[in-house]
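J.: Got a structure for you, written out below as C-alpha cells; questions coming shortly.
The values are calculated or read from the model by the stated rules, or taken from the named source; none is laboratory data. If you're wondering where the values come from, they're calculated on a predicted model, not measured in any experiment. Here Cβ is always computed from backbone atoms with ideal geometry, including for glycine, and neighbour counts include all displayed protein chains. Note: accessible area is taken over every heavy atom of the protein model, side chains too, but ligands, DNA and RNA are not part of it. Shrake-Rupley method; radii C 1.70, N 1.55, O 1.52, S 1.80 Å.
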Amino acid sequence: MPIIEPEFMALTADLDVEMFWAENVACEAFTTNKPRCALSFSPDDHWLFEFMHVPSTLRYYQDKPYRDELHRETNRVTLQTVGQAFFEEDTWIASPKRIENLFGSEFSYTDNATPWLTHVTNDPDEFARILDRAEATDMKTWALPEAFLREWEERKAQGLAMPALGTGSRGPATIMTSVLQPETVFYWMYDHPDLMRRFCDILASKMTELNQVLRAFSGNTDPGWWITDDNSALFNRKLYREYCFPVLERVLAAMAPPGSRRYQHSDSSMGHLLDQQHELGINSVNYGPEVDVGLIRSKMPEAVINGHTPPLLLRNASPEAIQARVISDFQKAGATGGLIVTTAGSLAAGTGVGRMRWTMKLVQDHCRYDRAV
C-alpha cells in the first residue's frame with residue numbers, strides 16, 4: 001500500500017486539488033501581482049521506492065516494463081490524491097554518455113540502493129593518463145552510444161515527443177568527488193594542484209563541448225542551465241573559488257547567457273558560498289535546509305528561491321510544526337514574490353501524499369498576496 005497518512009488526509013478534506021493547480025499556474029512569476037506563492041514537489045526514485053514499497057531496486061533499473069508499470073501505479077495514486085503525475089510512463093532504456101564517464105567513472109548497481117558512480121583511481125600518474133585520454137576524446141563521436149541512437153530513431157519514427165538534451169549537469173564539486181574519492185580530491189589540491197587545475201580545465205571544456213553536441217543533436221536552442229551539486233559544502237570559499245567557480249563560469253557563459261535561467265541545486269549547507277553563487281549569476285536556487293531562507297534572500301535578492309521546507313521536517317513533524325515553517329519562510333522570503341514553496345531538496349523517502357496535501361493547503365491559506373496572511 002502507498003503511504004497515505006490518514007491524519008493529514010482528514011486535515012485536508014476540503015482541499016480541491018484541481019483548483020489548486022489551476023491557480024498555481026498563475027503564481028509562478030517573480031512578482032507579488034499574483035494570488036499566492038507557487039508550490040512544487042520533486043519526488044525522485046528514492047521517494048518512489050519507499051512510497052510504493054518496491055522490493056527490488058535492481059529490477060526497477062533493469063526492467064523497463066516493470067519500471068513503467070510502477071510509474072503508472074504511482075501516478076494513479078498521486079493524481080487521485082494530490083492532482084499531479086510525477087513520473088514518466090514510457091521510460092528510456094539507453095541514454096547519452098555522462099561527463100563523469102569521460103574520466104572513467106561508471107555506475108555501480110546494487111539491490112536496495114540507487115546507482116552510485118565509481119571512483120577511478122588514487123594514483124596521480126594514472127589520473128594524468130586518464131586526463132590525456134579525456135582531452136583527446138572527440139565528443140561528437142563519443143557522446144551518443146549506438147543503443148541510444150537506435151532508440152532515438154525508433155521513437156522518432158513513432159512520432160513520439162523527443163526530449164531536449166543538453167539542459168544541465170551535475171556541478172563540478174560533485175563531479176570531482178564522484179570521479180575521485182572526496183579525500184583524494186582535497187589531498188591532491190594541496191599535493192598535486194597542477195593536476196587538479198588541469199582536471200577542472202578539461203572538465204569545463206569537455207562539459208561545454210558535450211552539451212553543445214547534445215543540444216545540436218536534439219535541436220535544442222533554448223538557453224539556460226541547471227546545476228545539481230550536492231557536494232558543494234565540502235569546499236571552503238578559497239577552494240571553491242579556485243576549482244569550482246572557474247568551471248561554472250565557463251559552462252554558464254557558453255550554455256546560459258545573461259537573462260536566461262541559471263539554476264543551482266545542492267542538498268548541502270553551502271551558505272558560505274552564496275556570494276560566489278550570486279557573482280556567477282545564479283538566479284534560481286534550491287539549497288540545503290540548513291541554509292536560512294532569509295540569508296538566501298539577502299545575499300541573492302534577484303534569485304527565485306525554490307524551497308525551503310526541510311524534507312525531514314515535512315516527513316516527520318506535526319502539522320503545526322510544518323505550518324510554522326511554511327509561514328516563517330514566506331515571511332522571510334516571500335515578500336518580493338520570488339519564493340516557490342517546496343522542499344529543500346527532493347521529497348524525503350517516506351513522505352506520504354497526506355503531508356503533500358497539507359503543504360498545498362498551507363500554501364493556499366497562508367502564502368497569499370491577494371488577502372492578509
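J.: Give segment 3-13 a look and list any residue that's open to solvent by 20 Å² or more (accessible area, probe 1.4 Å) and either out of contact with any helix residue (DSSP H, G or I) (no Cβ under 8 Å at 6 or more places or on another chain) or of a type in the set (S, T, N, Q) (or both), or say none.
T.: Ala10, Ala13
J.: Can you pull out every residue in segment 317-359 that is outside any loop (DSSP other than H, G, I, E, B), open to solvent by 50 Å² or more (accessible area, probe 1.4 Å) and either polar (S, T, N, Q) or within 14 Å of Pro35 (Cα to Cα) (or both)?
T.: Passing the criteria: Gln323, Gln331.
J.: Next question, about the same structure. When segment 287-303 is examined, which residues are found to be open to solvent by 10 Å² or more (accessible area, probe 1.4 Å) and under 18 Å from the mean Cα position of the chain (by Cα)?
T.: Pro289, Glu290
J.: Okay, moving on. Given the conditions (1) in contact with a Ser or Thr (Cβ under 7 Å, 6 or more places away or on another chain); (2) touching a residue at least 40 places away in the same chain (Cβ under 8 Å), which single one is not true for Ala85?
T.: Only one criterion in (1) in contact with a Ser or Thr (Cβ under 7 Å, 6 or more places away or on another chain); (2) touching a residue at least 40 places away in the same chain (Cβ under 8 Å) is unmet by Ala85, namely (2).
One line per residue, one yes/no per condition, for (1) over 15 Å from the mean Cα position of the chain (by Cα); (2) modelled with pLDDT under 95; (3) over 17 Å from Trp226 (Cα atoms); (4) open to solvent by 40 Å² or more (accessible area, probe 1.4 Å):
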site	(1), (2), (3), (4)
His272	yes, no, yes, yes
Gln276	yes, no, no, no
Gly281	yes, no, no, no
Ile305	no, no, no, no
His308	no, yes, yes, no
Leu312	yes, no, yes, yes
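J.: Specify which of the listed residues (Glu135, Glu146) is closer than 30 Å to Arg59 by Cβ, open to solvent by 70 Å² or more (accessible area, probe 1.4 Å) and either without any contact (Cβ under 8 Å) to a residue 60 or more places away in the chain or more than 22 Å from the chain's Cα centre (by Cα) (or both).
T.: From the options Glu135, Glu146, the qualifying one is Glu146.
J.: Tell me, which helices (runs of 4 or more DSSP H) lie completely within segment 1-53 with 3 or more residues that are at pLDDT 95 or above and in contact with a strand residue (DSSP E or B) (Cβ under 9 Å, 6 or more places away or on another chain)?
T.: 17-24
J.: Which of the residues that make up segment 252-290 are in a helix (DSSP H, G or I) and farther than 18 Å from Asn211 by Cα?
T.: Gly271, His272, Leu273, Leu274, Asp275, Gln276, Gln277, His278, Glu279
J.: Let me ask another. For segment 115-130, does any single residue satisfy the condition of being assigned to a strand (DSSP E or B) and either surrounded by fewer than 17 Cβ atoms within 10 Å (Cβ to Cβ) or of a type in the set (Ser, Thr, Tyr) (or both)?
T.: yes
J.: Can you tell me which residues in segment 72-87 are buried (at least 17 other Cβ atoms within 10 Å of the Cβ) and out of contact with any Leu (no Cβ under 8 Å at 6 or more places or on another chain)?
T.: Across segment 72-87, the qualifying residues are Val77, Thr78, Thr81, Val82, Gly83, Gln84, Phe86.
J.: Report, ordered by the first and then the second residue, all pairs with beta carbons closer than 7 Å, sequence separation of six or more or different chains, a first member in segment 233-251 that is outside any helix (DSSP H, G or I), and a second member that is open to solvent by less than 90 Å² (accessible area, probe 1.4 Å).
T.: Phe235/Ala173; Phe235/Cys244
J.: Still on this structure, please answer the following. Would you mention how many residues in segment 360-373 are in contact with a Ser or Thr (Cβ under 8 Å, 6 or more places away or on another chain) and either open to solvent by 10 Å² or more (accessible area, probe 1.4 Å) or assigned to a loop (DSSP other than H, G, I, E, B) (or both)?
T.: Selection size over segment 360-373: 2.
J.: Just checking, does segment 292-303 include any residue being under 20 Å from Ser169 (Cα atoms) and in contact with a strand residue (DSSP E or B) (Cβ under 9 Å, 6 or more places away or on another chain)?
T.: Checked segment 292-303: at least one residue is under 20 Å from Ser169 (Cα atoms) and in contact with a strand residue (DSSP E or B) (Cβ under 9 Å, 6 or more places away or on another chain).
J.: Which of the residues that make up segment 258-268 are open to solvent by less than 60 Å² (accessible area, probe 1.4 Å) and either closer than 16 Å to Phe30 by Cβ or modelled with pLDDT of 95 or more (or both)?
T.: Ser260, Arg262, Tyr263, Gln264, His265, Ser266
J.: Could you run through segment 197-225 and say how many residues are of a type in the set (Phe, Trp, Tyr), more than 20 Å from Leu149 (Cα to Cα) and part of a helix (DSSP H, G or I)?
T.: 1
J.: Next question, about the same structure. Could you tell me which of the residues Leu195, Leu180 is aliphatic (A, V, I, L, M), within 21 Å of Ser105 (Cα to Cα), surrounded by 19 or more Cβ atoms within 10 Å (Cβ to Cβ) and in contact with a helix residue (DSSP H, G or I) (Cβ under 8 Å, 6 or more places away or on another chain)?
T.: Leu180
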